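What follows is a set of notes on a single structure, which appears directly below.
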């Protein structure tokens, strides 16, 4: 992929249901992009298990590999964490601040040849909360070039498309898995 110095960046939306492999695809893709010498920025949200059971998700800085707890089942959440309606998890406001900062800084480097991950644009972001501010900052900078990879559930694809709202020169849709196909799409993006 060449440096994003021309107008109009590209966005790839990886979509599918819970457990379909969106995050696993992002982790594999980030590893391959780094191996090819590309800068990888943004956030990936791996699952967290304890005693064999899923207890939540972390935020992983795709560049530094630093992790912070994003959400947990209520009995594993920290004090002052946020609940959203009937969502199964409780969310860390500190993780949202940290994640938005990472995405906003990454957006500033959009034209520097980086690939930015926003995993995942979820229900909280769909109503303007959580990592929405950072996801929007990345979308805004797509007007200048670069590449961003957003993940979401199938029912939120329209919300991500609305967020992108003509800011990307091209939006490509892809199901999880098929890292080679996504790499090919990124190459087409250059």
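Looking at (1) surrounded by 12 or more Cβ atoms within 10 Å (Cβ to Cβ); (2) out of contact with any helix residue (DSSP H, G or I) (no Cβ under 9 Å at 6 or more places or on another chain); (3) assigned to a loop (DSSP other than H, G, I, E, B), find the lone condition where residue 95 falls short.
Here residue 95 clears every test but (3).
Which members of segment 155-181 meet the condition of being more than 15 Å from the chain's Cα centre (by Cα) and assigned to a helix (DSSP H, G or I)?
Those that are more than 15 Å from the chain's Cα centre (by Cα) and assigned to a helix (DSSP H, G or I): 155, 158, 162, 179, 180, 181.
Taking residue 90, is it surrounded by 19 or more Cβ atoms within 10 Å (Cβ to Cβ) and free of Cβ contacts under 8 Å to residues at least 60 places away in the same chain?
Considered against the rule, which asks whether it is surrounded by 19 or more Cβ atoms within 10 Å (Cβ to Cβ) and free of Cβ contacts under 8 Å to residues at least 60 places away in the same chain, residue 90 comes out as yes.
Of the conditions (1) modelled with pLDDT of 95 or more; (2) over 29 Å from residue 115 (Cβ atoms); (3) surrounded by 19 or more Cβ atoms within 10 Å (Cβ to Cβ), residue 77 satisfies every one except a single condition; which number is it?
(1)
Going by what's in this entry, would residue 117 be described as closer than 21 Å to residue 14 by Cα and modelled with pLDDT of 95 or more?
Answer is yes for this residue.
The values are calculated or read from the model by the stated rules, or taken from the named source; none is laboratory data. Everything quoted here is computed from the prediction, not taken from an experiment. Glycine also receives a Cβ, built like all others from the backbone with ideal geometry; neighbour counts cover every protein chain displayed.
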